[in-house]
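Take a look at the structure set out below.
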Amino acid sequence: MDTNAIVEAWRVDAWRALRGGYGLETVEECLIETQTGFQNRRPEQQIDRTVLLEGLKAVHKVSDAERAGALIRDGEIAMLDEGEKALWAHALARPDAWVMCGPDKSSLRIGVRLKLRDRLVALERLLDDAGFRPKIGLRTAYRSDWLDRTLTELAQREGRIA
């Protein structure tokens, strides 16, 4: 999970539902990012590190070899923020099935270019699949319709209409 998706899940009080429905994983950089900027969040949006860690199946340390491998696959990964760079480096090195949840258009563009569009999921879809309906509406970038539209637009721009 990307930092922004974790923050949004926390904001709509969906973290317990997500962790109950999935084996959530992230990378160290995203974990760190969830703990920064807390002074700019309202108290109910501050993420309790202990509760966050209890809800994660794994927090991965990304190796230099994984980072290099990701950059070889797509050099624009270097332009992402630290958490997204690390997420892509980790995901691209995995031999198993995975999905990535995060709304950043630059990151989504990389997924489209690498023909991994089907592995990019909206937070709304994860919550729907877990049977959770937030009382507070999700922000637009976390909804399935926004992700579908955005991926289609990115694919058209990249010449990879799916």
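The values are calculated or read from the model by the stated rules, or taken from the named source; none is laboratory data. Because the structure is a prediction, the values reported are computed rather than measured. When we count neighbours, we look across all protein chains shown, and the Cβ atoms used for this are built from the backbone with ideal geometry, even at glycine. The accessibility values were calculated without ligands, DNA or RNA, using every heavy atom of the protein model including side chains. Shrake-Rupley method; radii C 1.70, N 1.55, O 1.52, S 1.80 Å.
Test Arg160 against the criterion of being open to solvent by 30 Å² or more (accessible area, probe 1.4 Å) and at pLDDT below 95, and give yes or no. Walk me through it before giving the result.
Numbers: open to solvent by 30 Å² or more (accessible area, probe 1.4 Å): yes; at pLDDT below 95: yes.
In short, yes.
Is it true that some residue in the range 8-30 is of a type in the set (Phe, Trp, Tyr), free of Cβ contacts under 8 Å to residues at least 12 places away in the same chain and more than 15 Å from Ile110 (Cα to Cα)? It would help to see each step written out before you state the result.
Keep residues of the range 8-30 that are of a type in the set (Phe, Trp, Tyr), which gives 10, 15, 22.
Next, only the ones that are free of Cβ contacts under 8 Å to residues at least 12 places away in the same chain stay: none.
No, the range 8-30 has no match at all.
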*asked:* For the range 1-18, which positions are of a type in the set (Asp, Glu) and open to solvent by less than 40 Å² (accessible area, probe 1.4 Å)?
replied: Asp2, Glu8
*Would you check which residues across the range 103-116 are open to solvent by less than 20 Å² (accessible area, probe 1.4 Å) and either β-branched (Val, Ile, Thr) or touching an Asp or Glu at 6+ places or on another chain (Cβ under 6 Å) (or both) and list them?*
Ser107, Ile110, Val112
*asked:* For the range 112-145, give me each residue that is part of a helix (DSSP H, G or I), more than 12 Å from the chain's Cα centre (by Cα) and either within 16 Å of Leu92 (Cα to Cα) or touching a residue at least 40 places away in the same chain (Cβ under 8 Å) (or both).
replied: Val112, Arg113, Arg117, Asp118, Leu127, Asp129
*Options Ile77, Ile110, Ile72, Ile32; residue that is of a type in the set (A, V, I, L, M, F, W, C) and more than 23 Å from Tyr142 (Cα to Cα)*: Ile72
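Among the residues of the range 78-91, is there at least one that is more than 15 Å from the chain's Cα centre (by Cα) and more than 20 Å from Glu33 (Cα to Cα)?
Taking the range 78-91 and keeping what is more than 15 Å from the chain's Cα centre (by Cα), we get 78-79.
Of the ones still in play, those that are also more than 20 Å from Glu33 (Cα to Cα) are none.
Checking the range 78-91: not a single residue is more than 15 Å from the chain's Cα centre (by Cα) and more than 20 Å from Glu33 (Cα to Cα).
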